[in-house]
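Asker: One structure coming up, written as structure tokens, with questions to follow.
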Amino acid sequence: MVLFFQLLIDGLASGAIYASLALALVLIFRATRIVNFGQGEMATLSAYCAWQLCEWGLPVALSFLIVGAASFLLGVFVFRAVIKPVSKAPVETIVVITLGLFVFFQSLCLWLWRADQRAFPAMFPSGGWDILGVRVTASALCILLVLLCLAATMGAIFRFTRLGLAMRASAYSSEKSLLVGIRVERMLMLGWGFAATIGFIAAVLVGPRLFLSPTMMLPILLYALASATLGGWDSPLGALVGGLIVGVAESLGATFLPFIGADLRVVIPIAVTLVILLVRPVGLFGSSTVVKV
Amino acid sequence: MRLPTLIKAPLALQALVFAMLTAAPARAEEPSAGITDDTVKIGISGPLTGPVAALGAIADGVRTRTDPINVAGGVRMADGKTRKIELLVEDDGLDPQRTLTNVRKLVEREEVLAVVATAGTPNNQAIGRYINQRGIPNLFMYSGVHELAGPEWEIGFVPSFTTEAATFAKYLLDNKRQAKVALLYLNTETGQTFQAALESAISDSGVTIVAAQPVTSADPTVETQLSTLKASGADTLVVITGPRQGAEAVRFATESGWKPTTLISNIAASIASLKPAGLENAKGVITSQFLKQVNASMPGDDVGVKRYLADHAAAQSKFSTEDALGQSGYAIGDALVKVLESMKAPTREAMMEAARNLDHAQLDLLLPGITLTTKTGEDVYPIESLQLFQFDGAAYQPMGDVISFEGKTPRH
């Protein structure tokens, strides 16, 4: 029984890792209706920059602030340089382009910093508590708390502020938004900027757990996509809950279902997502788009 | 009108095959493709990009050895001629299919004499049939599994995983006779070979494997597996995975308050790769090694290490001097030079013959007491000795002497 609860906690901890990237994916989808496959690798680049600044002797907090702002600019730049020129193109084109971003940023990190894994400065204490034999680490708990705050803030901004409304509107229909006076391009730009910053925060949260390497986000991407789909692509809170469900399902499933070996682990999140989508096609917290005729 | 040509084509083909068959004996003494009087072309396919690009240091390590030799004029071979080594490196991202494509390209278009240092067990598996059919030497594979798909034309380099398993087993039998072992293993030929060898080495003793968990290199974290291993009540953790999972295991073993005796395969035990887990957490970790410890700031007076550091500077190598993979590559380059030196004829057959009959060849970076020895038909394992080391928080300290399994590497 202790093992069961330990695996539950472990599942929540890895779920938090998936949720952090899922959050960035959901944000950019909400703001621009694009799934950015390169989000994780952009975050990796930011994380490397922060690590490099720390290595050069800057205080950790300062370098995180600098890179947080720089990530925003990176997002804006990517939008202007790569996405805007093809914004009228069909969705397949955009998908291929974001896949291109994925490859580009990964290769860039590999070229600049090579493949060795490195220690990423930890924001949270490394200790933990033993509760009836079940180990809970402080860092996992902190990650969850930070993510919860982030998701709540993001959700609130989208729902309750004029800015959020304008961003949602421009993502929904750029032409109609223009007609009512929303500066669509600026909104999309902001969306890319915010998503890149959230991605960086995600990388800061999970970096110490996963170790910094050019491919650290690669194994997570699949799980994050499953989490976002599970939770509903337009709900930040859904991404968080989706990530946690995926993490727990993976952890418990891989251990207690004897036929699932190392190779089948990755199937669990996909299977869970599929089942939930059959029951609720828009995901747990997603809202369906109603078209009135 | 098309019919006759259709019939003629196979006839022409037959004639060609016949001509090749009859011509073959006459050409036996003629040089093979890829070798002239002043150069020998050698191909390498390895992951320069992708998730395991760290292995790319092996190819660069080979170059680190051959570049300075070329600058000095080349290798004097046993047929009396001195040749420069021309290396052709292709990137395969550790994808076996791309390795095969690369090797085909290297053999058919670039016409290399041999390929060396091909990284990865599945990758060597993938090219085995091809190199066997074409008769291309696949020298000093970077794979801990030695009996792969091309037995006549391949030879490994790093000690077999069975040797490492036997070394770990010997440590446990000598020091911890009632050890309850938890095994974290890579779910490939690598991990399975190791597991089987470990099981058979401890079969008649008090040492037992109480739990085993497989991992893949695509798992984001391996904490679930480690929790399960901890819950098994094991007091010893044996890790045979890549560096990332190895470091995670080390951190988990300390952070979770488990603190088992931890033995880590040398593929994951380099100090650089343990660093992210916290070096204080890695204190007490045991590994087995065949390469010398290189500390660039304190080179000591070891001639081999000094030459390595000089070559590393001269070749402007891209890996750090302390990178064990780069060092392995350098040792492979060194071994390649030894083989070239003892080749009696400029042919692929002579090259295999030389590689298959190494007699206590000494390499710059091998630990004192470890040499390359092979024998045609009997001994296909160049390195069969390992020395145990324990990490003291700053460096690895030797534990006892070199443990030799010369001529008795467990088969698998």
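Each value in this text was obtained by applying a stated rule to the coordinates, not by laboratory testing. Computed from a predicted model, the values in this text were never measured in an experiment. In this analysis, Cβ positions are derived from the backbone assuming ideal geometry, glycine residues included, and neighbour counts consider all displayed protein chains.
Asker: What net charge is computed for the residues neighbouring residue A:76, neighbours being all others with C-beta under 13 Å from the C-beta of residue A:76, Lys and Arg scored +1, Asp and Glu -1?
Answerer: Values: positive: A:80, A:84, A:186; negative: A:185.
Net local charge, residue A:76 excluded: +2.
Asker: Can you give the Rg to Rh ratio for the stretch B:320-388, taking only C-alpha atoms and Rh from Kirkwood?
Answerer: My calculation of the ratio gives 1.00.
Asker: Right, something else. Based on other C-beta atoms within 10 Å, arrange B:379, B:323 from fewest to most.
Answerer: On the way: B:379 17, B:323 25.
So the residues, fewest neighbours to most, are B:379, B:323.
Asker: Once phi is turned into ³J(HN,Hα) by the Karplus curve 6.51 cos²θ - 1.76 cosθ + 1.60 with θ = phi - 60°, what whole-Hz value does each residue of the stretch B:123-135 show in order, with x for glycine and proline?
Answerer: 5, 5, 4, 5, 8, x, 4, 5, 5, 5, 5, 8, x
Asker: Report the Cα centroid-to-centroid distance between the stretch A:58-105 and the stretch B:175-241 in angstrom, as an integer.
Answerer: A separation of 42 Å, based on Cα centres.
Asker: Hey, what number do you get for chain B at 222 nm if only DSSP H runs of n ≥ 4 count, each worth -39500 (n - 2.57), divided across all residues, to the nearest 500? Intermediate results must be reported in sequence, preceding the final value.
Answerer: Values: 12 runs with 161 residues, N = 412.
Value at 222 nm, helices only: -12500 deg cm²/dmol.
Asker: Take the Cα radius of gyration of chain A and divide it by 2.2 N^0.38 Å, with N its residue count; two decimals is plenty.
Answerer: Numbers: Rg = 19.1 Å, N = 293, 2.2 N^0.38 = 19.0 Å.
Here the answer is 1.00, to two decimals.
Asker: Across every pair of different alpha-carbon atoms, what Kirkwood hydrodynamic radius in Å does the stretch B:296-412 reach?
Answerer: Working: mean 1/r = 0.0624 Å⁻¹.
The answer is 16.0 Å.
Asker: With springs connecting C-alpha atoms under 10 Å apart, model chain B as a Gaussian network and identify which of B:109, B:63, B:244 has the largest mean-square fluctuation.
Answerer: So, out of B:109, B:63, B:244, the one fluctuating most is B:109.
Asker: With θ set to phi - 60° and the Karplus curve 6.51 cos²θ - 1.76 cosθ + 1.60, what are the ³J(HN,Hα) couplings of the stretch B:169-176 in order, to the nearest whole Hz, using x for Gly and Pro?
Answerer: Those phi angles translate into 4, 4, 4, 5, 5, 7, 10, 8 Hz.
Asker: Moving on. Could you pull the Cα extents of the stretch A:1-91 along its three principal axes, largest to smallest, in whole Å?
Answerer: 56, 42, 16
Asker: Also, quick follow-up: If I take the Cα coordinates of the stretch A:203-277 and project them onto the principal axes, what are the three extents in Å, biggest first?
Answerer: Taking the Cα atoms of the stretch A:203-277, the three principal extents are 34, 30, 15 Å.
Asker: Name the residue from A:106, A:155, A:206 whose Cα lies farthest towards the positive end of the charge dipole of the stretch A:2-216, charges +1 on Cβ of Lys and Arg and -1 on Cβ of Asp and Glu.
Answerer: The Cα lying farthest towards the positive end belongs to A:155.
Asker: Once the cut-off is 25 Å, how many percent of the Cα-Cα pairs in the stretch B:200-341 end up in the long-distance tail?
Answerer: In whole percent, the share of Cα-Cα pairs in the stretch B:200-341 beyond 25 Å is 40.
Asker: So if I take the alpha carbon set of the protein assembly as shown, get Rg, then get Rh from the Kirkwood formula, what is the Rg over Rh ratio? Intermediate results must be reported in sequence, preceding the final value.
Answerer: Working: Rg = 28.2 Å, Rh = 27.6 Å.
Taking Rh as the inverse mean 1/r over Cα pairs, Rg/Rh reads 1.02.
Asker: With only Lys, Arg, Asp and Glu charged, each at its Cβ (+1 for the first two, -1 for the last two), find how big the charge dipole of the protein assembly as shown is about the Cα centre; round to the nearest 20 debye.
Answerer: Numbers: 55 positive and 57 negative charges, 538 e Å.
It works out to roughly 2580 debye.
Asker: Starting from the Cα coordinates of chain B, work out the convex hull volume and express it per residue in Å³.
Answerer: 162 Å³
Asker: A follow-up question, please. At a Förster distance of 60 Å, what's the computed FRET efficiency of residue B:210 paired with residue A:149, Cβ-Cβ distance as r, to 0.05? Mind showing how you got there, number by number?
Answerer: On the way: r = 42 Å, r/R0 = 0.70.
About 0.90, to the nearest 0.05.
Asker: Show me the three semi-axes of the equivalent ellipsoid for the stretch A:1-160, from the C-alpha gyration tensor (sqrt of 5 times each eigenvalue), largest first, rounded to whole Å.
Answerer: Values: eigenvalues 193, 91, 50 Å².
Semi-axes, largest first: 31, 21, 16 Å.
Asker: Compute the separation of the alpha-carbon centres of the stretch B:336-393 and the stretch B:254-272 and state it in Å as a whole number.
Answerer: With the stretch B:336-393 and the stretch B:254-272 each reduced to a Cα centre, they are spaced 29 Å.
Asker: Which loop GluC sites (Glu not before Pro) in the stretch B:286-393, with loop taken from DSSP, have no more than 10 other Cβ atoms within 10 angstrom of their Cβ? Write out the running numbers ahead of the final one.
Answerer: Working: sites: B:322, B:341, B:349, B:353, B:378, B:384; in loops: B:322, B:378, B:384.
Loop-located and lightly packed - B:378.
Asker: Among the lysines, select those whose C-alpha is under 25 Å from the C-alpha of residue B:81, and discard any that sit fewer than 8 residues away in the same chain.
Answerer: B:41, B:338, B:344
Asker: In which sequence would A:187, B:141, A:154, B:298 go, from the one with the fewest C-beta neighbours within 10 Å to the one with the most?
Answerer: Numbers: A:187 21, B:141 28, A:154 24, B:298 8.
Listing A:187, B:141, A:154, B:298 from fewest to most nearby Cβ atoms yields B:298, A:187, A:154, B:141.
Asker: How do B:147, A:41 line up, fewest other C-beta atoms within 10 Å first? Could you put the intermediate results ahead of the total?
Answerer: Values: B:147 14, A:41 26.
Starting with the residue having the fewest Cβ neighbours, the order is B:147, A:41.
Asker: I need the trypsin sites (Lys or Arg not before Pro) found in the stretch B:351-412, filtered to DSSP loop residues with at most 14 other beta carbons within 10 Å of theirs. Write out the running numbers ahead of the final one.
Answerer: Working: sites: B:356, B:375, B:408, B:411; in loops: B:356, B:408, B:411.
The qualifying sites are B:408, B:411.
Asker: Moving on to the next point. In whole Hz and in residue order, list the ³J(HN,Hα) couplings for the stretch A:278-285 that follow from phi through the Karplus curve 6.51 cos²θ - 1.76 cosθ + 1.60, θ = phi - 60°; x for Gly and Pro.
Answerer: 5, 7, 10, x, 9, x, 4, 10
Asker: Have a look at A:242, A:207, A:164 and tell me which one the Gaussian network model of chain A (Cα, springs below 10 Å) gives the largest fluctuation.
Answerer: A:164
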